[in-house]
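What follows is a set of notes on a single structure, which appears directly below.
Values quoted throughout were computed directly from the atomic coordinates according to the rules given, and no laboratory measurement underlies them. Not measured: the values here are computed from a predicted model. When we count neighbours, we look across all protein chains shown, and the Cβ atoms used for this are built from the backbone with ideal geometry, even at glycine.
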There are 2 protein chains.
Amino acid sequence: MMQGQAEQRESGSTRVAESLAMAIHEHRLSPGMKLSEDEVGEIYGVSRTVVRAALQQLAHDRLVELKRNRGAFVAQPSVKEAREVFEARALLEPRTAKSAAERATPEDIKVLQNHIDEEHEALEAGDTGRALHLSGMFHIEIARIADQTTIADFITQLVSRSSLIIALYWQRRTALCESHAHDALIKALARHDGAAAEELMQHHLLDLLTSLDLRDQPSVPRSLKEALN
Amino acid sequence: MMQGQAEQRESGSTRVAESLAMAIHEHRLSPGMKLSEDEVGEIYGVSRTVVRAALQQLAHDRLVELKRNRGAFVAQPSVKEAREVFEARALLEPRTAKSAAERATPEDIKVLQNHIDEEHEALEAGDTGRALHLSGMFHIEIARIADQTTIADFITQLVSRSSLIIALYWQRRTALCESHAHDALIKALARHDGAAAEELMQHHLLDLLTSLDLRDQPSVPRSLKEALN
DNA sequence: TGCGCTAATTTTGTATACAATCTCGTAAAC
DNA sequence: GTTTACGAGATTGTATACAAAATTAGCGCA
């Protein structure tokens, strides 16, 4: 009966959620921006029902914040939240990179190399949004290689939030994140050097964190109301 | 205008979700059981709309599994998933316990002690469901004390899933989890001994894991259909 | 009896309708 | 001129109605 492509067509809400998430990752939607249900629904040609489901998904990933009876807003991670996200990543990712190094197949390495290549391309093309997105995908891919679905899901969420954090707290004066950390990582993975991968990941995350400007200015509120509410 | 208790009354879907989660934690709902939208809605006196929202929340926490066009089922974590959950906990909780030990106030210790006392009470009363739930709350409370909201959220999710895993894979022949590990932990926290807390937590999680029967029997399917689908 | 097909029933997915709440502009009072 | 109160408009929360898909039951046939 060969059921051919098991392609279980994804539900409408997931499609909308993914599209919105992409827009947030690429910084086309800024933190604090309001996501009106009617507006979003009209854009995607779906009813408020599916928009609400999509927004709820995104809220659970902390990409949007739902305020009761007020609607959905692109999240504005506080400085504390930003630190917490990177502390969580520091706990999860180095060890996961180690596991990945021990398990990586040549195919895995190729996929990762593709990510890096595309990342460099986007960077040279000046498309920093896309470059940042691909940079995040690199981290997620490593978790996938480690064959730790649960941890990979957490890292996916953390990378998403990191994108938002970078949008808010990036110091543009710093040299771009093109620190070749990913190149070094992929080399360690290719030669199955778990210890090196673990350490490289740890330092990479620390570099990322210190490249942010995390002094206590809980983001610039757009209005007095937002500040006090 | 002093708005007094900021008690933002929670939405209907969260209420339903929390009630269902509690039922799952206390093993009143078994893994694999179907949660019909109409049925759940009738029980709580709400429409399918809010039930669907609640189920989506629970699905995101991996407490229920949503199958497209087929409905919601209480999740049946596989053996692999069970291992993954405990590996994730092994990465997150020991360090968090260390942080908690360094920050714990006397009030924090008191709250934890209450948890333990209630846990022992429930155990003596033979209410293992409640005991297990309180045992989980103990871990979550430690993450809260560490003042790491992000990690605390992850641990909350992992503890939830652990409850399901225990329901599926617990070996009843093993001596009950009343291994006094929590007593030792609270003592380490009380004297701000971070290193001890970290190590105790690590061993505690390992003990938990080894007390499960994780041989490759992906749970007993109720029917042939479930096995093949 | 056992298998396969079709149709009725049930259940989920989505859209729409109504109710509750908030926002914001206007105007009156101090 | 500033503040407060009120109400129209807009937005979200929930319920219901309809469409699409799956499950189930019944029937015919080998």
Checklist entry - Once amide H atoms are built 1.01 Å from N in the peptide plane, which residues 5 or more positions from residue B:35, or in another chain, come under 5 Å H to H? => result B:72, B:73, B:74
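Roughly what % of Cα-Cα distances in chain A sit above 33 Å, to the whole percent?
22
Using r as the Cβ-Cβ distance of residue B:203 and residue B:80, and R0 as 25 Å, what FRET efficiency do you calculate, to the nearest 0.05?
My answer for the efficiency is 0.60.
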Item to check | Nearest residue to the symmetry axis between B and A, taken on chain B by its Cβ, in whole Å | outcome: B:60, 2
Checklist outcome for this item: Taking the convex hull of the alpha-carbon atoms of segment A:79-210 and averaging its shadow over every direction gives an area in square nanometres of 7.1
Item to check | Separation of the residue B:10 and residue A:44 label points, Cα + 7 Å toward Cβ, nm | outcome: 2.6
Item to check | Cα centre as origin, Lys/Arg/Asp/Glu Cβ charges: the protein assembly as shown dipole, Debye | outcome: 900
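If you count, for every residue in A:89-97, the Cβ atoms of partner chains within 10 Å of its Cβ, what is the mean?
For this peptide, the per-residue mean of nearby foreign Cβ atoms is 3.
Can you give the average number of partner chain beta-carbon atoms within 10 Å of each beta-carbon in peptide B:29-42, as a whole number?
That average works out to 0.
For the pairs A:80/B:98; A:98/B:110; A:187/B:98; A:98/B:98; A:98/B:187, flag any whose C-alpha to C-alpha distance is greater than 30 Å.
Pairs exceeding the cut-off: A:98/B:110; A:187/B:98; A:98/B:187.
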Item to check | Rounded to whole Hz, the Karplus (6.51, -1.76, 1.60) HN-Hα couplings of segment A:99-108, x for glycine and proline | outcome: 4, 4, 4, 6, 10, 4, 9, x, 4, 4
Checklist entry - For chain B, what's the relative contact order in percent, using C-alpha pairs closer than 8 Å and at least 6 residues apart? => result 25
Next on the checklist: At R0 = 25 Å, how high is the FRET efficiency between residue A:187 and residue A:114 if r is their beta carbon distance? Nearest 0.05 is fine.
Outcome noted: 0.95
Checklist outcome for this item: For segment A:145-160, Karplus-derived ³J(HN,Hα) couplings (6.51, -1.76, 1.60; θ = phi - 60°; whole Hz; x for glycine and proline) come out as 4, 5, 6, 10, 4, 4, 5, 4, 5, 4, 5, 4, 5, 5, 5, 4
Item to check | Value of [θ]222 nm, deg cm²/dmol, for chain B, DSSP H segments ≥ 4, -39500 (n - 2.57) each, nearest 500 | outcome: -21500 deg cm²/dmol
Checklist outcome for this item: Sequence order, segment A:10-17: Karplus ³J(HN,Hα) from phi using 6.51 cos²θ - 1.76 cosθ + 1.60, θ = phi - 60°, Hz rounded, Gly and Pro as x, gives 6, 6, x, 5, 5, 4, 4, 4
Checklist entry - At what distance in angstrom do the alpha carbon centres of segment A:182-201 and segment B:86-102 lie from each other? => result 25
Item to check | Whole-number D in µm² s⁻¹ for segment B:12-75, Kirkwood Cα-pair radius fed into Stokes-Einstein, 20 °C, 1.002 mPa s | outcome: 190
Item to check | Surrounding net charge for residue A:85, when Lys and Arg each add one and Asp and Glu each subtract one, Cβ distance under 13 Å | outcome: -1
Checklist outcome for this item: P(r) of the protein assembly as shown over all Cα-Cα pairs, 20 Å bins starting at 0, rounded to whole percent, reads 21, 57, 22, 0
Checklist entry - Say a label goes 7 Å from Cα toward Cβ at residue B:18 in every copy; what distances in nm does this one have to the rest, shortest first? => result 3.4
